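Notes to accompany the following structure.
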Amino acid sequence: MPDDIMHRLSARIAERAVQPQEGSYTNTVLADPLLAQRKVMEEAFETCLEVREDTTQTDHDAIAGEAADVIFHLLVLLRTQGVGWQDVERHLVDRFGSPARHSTYGNLS
């Protein structure tokens, strides 16, 4: 899979935002920020449901699929708020290898 998939997906979402397509699921979610919010929470919850304490029982494909759903819906939610992937990426780059700025983050180095 290409390294630029996040940029390609973000660009497609941005394109749908300015050039809606009839019947597009992306446009349905873009039009309703609260729906986008609910979908992010739902997909994150479903991802967590796939986690197993005994990792030999983990369905890796199911977790990856649910995580993909989280990421897609998160990108749509961000777009509804005028935030693009490049904005998130900038924060990730700034934080990489830096001491934690918030208790949620550990040192990413």
* Considering only protein heavy atoms, what is the solvent-accessible area of ASP32 at a probe of 1.4 Å, reported in Å² to the nearest 10? -> 60 Å²
* Asked: Relative to the Cα centre, what is the charge dipole magnitude of the chain, using +1 at the beta carbon of each Lys and Arg, -1 at the beta carbon of each Asp and Glu, and rounding to the nearest 20 debye?
  -> 540 debye
* Asked: Counting only the heavy atoms of the protein chains, how much of THR28 is accessible to a 1.4 Å probe, in Å² to the nearest 10?
  -> 80 Å²
* **Accessible solvent surface per residue of the chain, calculated while the other protein chains remain in place, 1.4 angstrom probe, Å²** => 71 Å²
* Asked: Along the charge dipole of segment 1-81, Cβ charges K/R +1 and D/E -1, which of GLN37, ALA14, HIS60 sits furthest on the positive end?
  -> ALA14
* Structure fact -> Expected field for LEU30, accessible surface area in Å² at 1.4 Å probe radius, rounded to 10, holds 30 Å²
* Normalising by the residue count of the chain, find the relative contact order in percent from Cα pairs under 8 Å and 6+ residues apart. => 26 percent
* To do: Could you pull out the longest piece of the chain with no exposed loop chymotrypsin sites (Phe, Trp or Tyr not before Pro) in it, calling a site exposed if DSSP puts it outside H, G, I, E, B and it has at most 13 other Cβ atoms within 10 Å?
  => 1-95
* Asked: If GLU89, GLU43 are ordered by their accessible area, calculated over protein heavy atoms with a 1.4 Å probe, which sequence runs from highest to lowest?
  -> GLU89, GLU43
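The values are calculated or read from the model by the stated rules, or taken from the named source; none is laboratory data. Remember, it's a predicted structure, so these values are computed and weren't measured experimentally. As a convention, Cβ positions derive from the backbone with ideal geometry for all residues, glycine included, and neighbour counts pool all protein chains shown. Just the protein is used for accessible areas: all its heavy atoms, side chains included, with ligands, DNA and RNA removed. Shrake-Rupley method; radii C 1.70, N 1.55, O 1.52, S 1.80 Å.
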